Amino acid sequence: MHRLRLSIDINAIKDHTFRGLIYCHYSHYQQIGIKQQFRTTPTIEITKPAVEMQFSNSFASYTFDSTKEDIQTTFENLNFEIAIFHQDRQKKDLQVGVVKIDLQELLKAPIRKTASSYVRVQDAFYPIDDMEEQKGRIGLLRCLLYLEDLGPIDQLQQQEQKATDEIFQDPGLPIIKLSGSDDPEKQKLVLELNSLESKVIWELETWKKSEEAKFKVQLKQKEYEMTQKLHQDFKLKDQERDKQLKQAQATLQLIESKVKQKVTDLQKREQRIVQVEEELKQKLGETAKIVKQKDEEMGQLIKRQKDEKLQYEKDKTVLNLKLGDSQGLCSKLEEEVKQLRKEMDKSPVALVKTSLQEKSQEITELKKEIERVTQVKDQYKQYYEKIRDELVRQKRINEELQQNQQYSAKQEIDKLRQDLQELRELKKSQVVVQKEPEPVLPQNPFKQALIQSTKSKQKPINVRVPDTSNLSDLQRLLQEREYLLESGEYSESDPLIQELTRQIQELSD
């Protein structure tokens with residue numbers, strides 16, 4: 001068992017990031033002889049960051065007994081920490097950092113020999129860790145550690161006993177003997193006490209002991225007062241900490257309630273979003289079904305229009321054949337009319353009457369043919385109106401579908417417009433025929449008008465045929481001329497009107 005002395009010197013601080021009144025403090029550690037807390041006094045004022053500052057009155061030494069194995073175990077299990085405090089006169093002291101020192105490193109330091117002992121010395125800068133915001137290192141603290149081996153305890157006790165014996169054996173010191181003893185030395189001591197010098201020395205020693213006792217009592221009183229003051233300070237600090245803790249808890253509860261409210265709002269919003277997404281998916285599905293149905297309807301409509309177009313083309317070919325037949329018949333009739341004119345100039349009146357009867361029959365047949373052509377024309381008009389109504393309805397349907405399928409509806413509408421244009425061109429190609437000059441038939445004006453209207457529809461003849469069964473030829477021709485002029489489609493310079501005028505003049509003469 002050896003007696004060891006641990007000395008701690010807090011020397012300086014540098015590379016710091018804080019300012020203000022700073023002091024260092026460490027608690028008591030019974031294992032290494034530190035029986036009370038230590039604080040550096042006075043405080044140092046740091047005005048500029050990263051400037052090295054020196055501490056004053058920061059040295060302390062502590063003595064304890066231990067073996068080599070025990071000291072190694074003690075230093076291994078001991079967490080020695082030095083706290084850095086910021087002092088504020090208006091608020092409580094605030095701990096800004098902590099320094100953790102591993103005392104095992106001191107045992108690795110080289111041994112130095114002095115006159116009376118062996119010592120290990122460690123001088124190093126230790127990092128100061130932040131306490132509040134976990135910023136890492138906020139500075140460096142220089143500490144000097146001394147571990148001195150004073151020697152074995154038995155040897156030290158022998159040296160102390162020897163020194164005490166030497167003091168008592170000093171002849172210069174007064175020797176006090178008790179009275180009533182047979183020992184001559186004791187009697188000699190009693191005699192010496194009677195002398196003035198012995199009294200002074202005795203009183204001095206007595207005063208010294210009494211002063212030491214008074215000083216110890218004063219120290220005990222000051223220690224008690226300081227302990228009470230520290231206890232009150234710590235109590236006030238604990239109250240303030242409790243108050244701050246309650247305020248922080250209330251703030252934390254308020255924040256938690258707000259966070260919970262936000263979480264519930266977010267959950268409700270997510271539920272609404274999910275519901276809206278489901279509704280949107282459902283509507284998209286319904287829209288897709290509707291679009292599919294409309295596409296099918298459009299396909300059927302286009303197919304039907306193609307079929308109708310093919311049918312129109314077939315009808316067109318049939319009508320073209322009929323038109324060719326009627327044109328051939330008209331040419332034959334025109335030749336017969338020419339022959340009849342020649343025969344009328346040469347034949348007698350009977351032949352003229354028979355020819356007139358035949359021509360009247362032909363006129364009735366031509367009237368029937370006109371009526372039939374008019375009926376066909378009306379049928380085509382009705383069919384055209386149906387097609388137009390169907391196209392208008394289809395256009396409305398396409399406008400309703402335009403919001404969901406603008407591009408596809410536009411294409412279909414373009415197709416429908418192309419089909420409509422083809423139908424119109426087909427209709428125009430069926431109706432419009434190049435106008436050809438025809439020989440004037442003086443005796444059959446309605447037949448000539450029918451042939452001209454059949455070949456060219458650029459000027460449609462809107463003739464209202466009056467009932468001429470009970471009228472004479474002159475009245476009938478007059479009424480027909482008036483109807484043609486009133487229709488606005490013919491003028492007096494028209495060949496048909498001139499022919500009617502010529503026949504009227506012939507009959508009137």
Practice item. Keeping to segment 49-101, report how many residues are in contact with a His (Cβ under 7 Å, 6 or more places away or on another chain) and aromatic (Phe, Trp, Tyr). Key: 1
Exercise for review: Test residue 237 against the criterion of being touching a residue at least 24 places away in the same chain (Cβ under 8 Å) and under 30 Å from residue 92 (Cβ atoms), and give yes or no.
Suggested key: yes
Exercise for review: Return the total of residues in segment 120-151 being of a type in the set (A, V, I, L, M), over 47 Å from the mean Cα position of the chain (by Cα) and over 14 Å from residue 8 (Cβ atoms).
Suggested key: 1
Check your understanding: Can residue 355 be described as surrounded by 10 or more Cβ atoms within 10 Å (Cβ to Cβ), modelled with pLDDT under 85 and in a helix (DSSP H, G or I)?
Key -> yes
Point to revise | Residue list for segment 21-38, restricted to those being among the small types (Gly, Ala, Ser) and surrounded by 15 or more Cβ atoms within 10 Å (Cβ to Cβ) | key: 33
Study note, to complete from the structure: When segment 57-90 is checked residue by residue, the ones that are more than 55 Å from the chain's Cα centre (by Cα), modelled with pLDDT of 85 or more and assigned to a loop (DSSP other than H, G, I, E, B) are 58, 67
Exercise for review: Please verify whether segment 80-87 includes one or more residues that are touching a residue at least 12 places away in the same chain (Cβ under 8 Å) and either open to solvent by 80 Å² or more (accessible area, probe 1.4 Å) or farther than 19 Å from residue 13 by Cα (or both).
Suggested key: no
Practice item. Scan (1) open to solvent by less than 100 Å² (accessible area, probe 1.4 Å); (2) within 30 Å of residue 407 (Cβ to Cβ); (3) among the aliphatic types (A, V, I, L, M) for the single condition residue 284 breaks and write down its number. Key: (1)
Exercise for review: Just name the residue that is least open to solvent (accessible area, probe 1.4 Å) out of those in segment 94-122 that are assigned to a loop (DSSP other than H, G, I, E, B) and at pLDDT below 85.
Suggested key: 117
Review point. Does residue 236 satisfy the criteria of being farther than 26 Å from residue 35 by Cα and surrounded by 10 or more Cβ atoms within 10 Å (Cβ to Cβ)?
Key: no
Practice item. Could you tell me which numbered condition residue 441 fails, if it satisfies all but one of (1) open to solvent by less than 60 Å² (accessible area, probe 1.4 Å); (2) at pLDDT 70 or above? Key: (2)
Review point. Which ones in segment 480-509 are open to solvent by 30 Å² or more (accessible area, probe 1.4 Å), outside any loop (DSSP other than H, G, I, E, B) and without any contact (Cβ under 8 Å) to a residue 60 or more places away in the chain?
Key: 481, 482, 483, 485, 486, 495, 498, 501, 505, 506, 507, 508
Exercise for review: Give just the number: which of (1) closer than 20 Å to residue 79 by Cβ; (2) assigned to a loop (DSSP other than H, G, I, E, B); (3) open to solvent by less than 60 Å² (accessible area, probe 1.4 Å) does residue 7 not satisfy?
Suggested key: (2)
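The values are calculated or read from the model by the stated rules, or taken from the named source; none is laboratory data. Only a predicted model underlies this, so the values are computations on that prediction, with no experimental measurement involved. A quick note on method: Cβ atoms are made from the backbone with ideal geometry, for glycine too, and the neighbour counts reach across all protein chains shown. For accessibility, only protein heavy atoms count, side chains too; no ligands or nucleic acids. Shrake-Rupley method; radii C 1.70, N 1.55, O 1.52, S 1.80 Å.
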